[in-house]
Each structure stands twice: as structure tokens, then as C-alpha cells.
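Data block below; observations after.
The values are calculated or read from the model by the stated rules, or taken from the named source; none is laboratory data. Keep in mind it's a predicted model, so treat the numbers as computed, not measured. All Cβ positions, glycine included, derive from the backbone under ideal geometry; neighbour counts span all protein chains shown. Calculation scope for accessible area: heavy atoms of the full protein, side chains included, ligands and nucleic acids excluded. Shrake-Rupley method; radii C 1.70, N 1.55, O 1.52, S 1.80 Å.
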Amino acid sequence: MSDASVPAPAPAPAPAPAPVKATIDDFRKLEFKVGKVMECLPHSNADRLYVLKVDVGNGETRQVVAGIRASYTPEELTGKSVVVVMNLQPAMLRGVESQGMVLAASGGGRVSVVSPTPEVPPGSKVS
């Protein structure tokens, strides 16, 4: 005799799909350069974002919106060398244009920007 009020066990969740493998040609499409954060301001319309002005060498400055506000103060980022993905399509993030992406690692409840050690000049190619 079975108890009709006992629900059937829930099905096991489906495994996450494996990440798509990138070819070396895919990787070569991306351009990475070292940049130096010249200015860091809180985004006016987002609690998790900063708006960075980044010197990427050869007299060029890029505006990059980065979701790293919970892990850094503006003082910690200003003057810091970071790695920037240069050839992404510009994106509007909460009404502010981002002209690249700062690479960062996340783990242990913290986000850490990728920074070359020892430092190299802004505009240095990352390969």
C-alpha cells in the first residue's frame, strides 16, 4: 500500500553544458593591451560599476565601465596597471559607453583585476 500524499522525488538537475572550446584563431582575434587607470569614478546609475579612464598608450585614453566596485576603492584603482580587451564592440552599460573590458579574476568572494608584474608601459601588447 502506498501513500499518495508523498510527492515523487524531483528529477536531478541537468548537468551544465561544457564550455565551448575556442580555437587559436578565435583567441588571435582579441587584442589585449596594458593600460593605466588615470581616473576612477562611481557610475551614477549603478552601485556595482566604476567608470574608468584608462591610458592605453600612444596618447589614447579609453572609457571602460567595470563591475569591480565591491572589491576596490577609487584610490586603489587610480594609477594601477590593468589588462584591457581593446577590440570589443563598444557597449552601453546603464547609459554609459564602455570602450573595452578590464580583465579580472574572481574567487574567494573577491574580484581581482589582472595586472602585470613587474609593470610595463601603457600600450604594451599582452600575448
(request) Mind counting the residues in region 25-56 that are in a loop (DSSP other than H, G, I, E, B) and among the basic types (K, R)? (result) 2
(request) Tell me, please, whether a residue that is among the charged types (D, E, K, R) and either part of a loop (DSSP other than H, G, I, E, B) or closer than 16 Å to M38 by Cα (or both) can be found in region 95-110. (result) no
(request) Can you work out which of the residues in region 117-127 that are in a loop (DSSP other than H, G, I, E, B) and touching a Lys or Arg at 6+ places or on another chain (Cβ under 9 Å) is surrounded by the most Cβ atoms within 10 Å (Cβ to Cβ)? (result) P122
(message) Condition (residue is β-branched (V, I, T), surrounded by 15 or more Cβ atoms within 10 Å (Cβ to Cβ), under 20 Å from A46 (Cβ atoms) and modelled with pLDDT under 95) applied to region 107-116: is it met by at least one residue?
(response) yes
(message) What's the number of the only condition in (1) part of a strand (DSSP E or B); (2) within 11 Å of P122 (Cα to Cα) that G59 fails to meet?
(response) (1)
(message) Quick test for you: out of L77, L41, pick the one residue that is touching a residue at least 12 places away in the same chain (Cβ under 8 Å), open to solvent by 40 Å² or more (accessible area, probe 1.4 Å) and of a type in the set (A, V, I, L, M, F, W, C).
(response) L41
(message) Here is a list: M86, M92. Which entry is closer than 21 Å to V126 by Cβ and hydrophobic (A, V, I, L, M, F, W, C)?
(response) M86
(request) Looking for whichever is touching a Cys at 6+ places or on another chain (Cβ under 6 Å), modelled with pLDDT of 95 or more and over 19 Å from E119 (Cα atoms) here; the options are P74, P42, P90. Which one fits? (result) P74
(request) Check whether at least one residue in region 46-54 is loosely packed, with under 13 Cβ neighbours inside 10 Å, at pLDDT 95 or above and over 19 Å from E119 (Cβ atoms), and report yes or no. (result) no
(message) If I filter region 80-98 down to residues being touching a Ser or Thr at 6+ places or on another chain (Cβ under 9 Å) and open to solvent by 20 Å² or more (accessible area, probe 1.4 Å), which single residue comes out as nearest to R48 (Cα to Cα)?
(response) R94
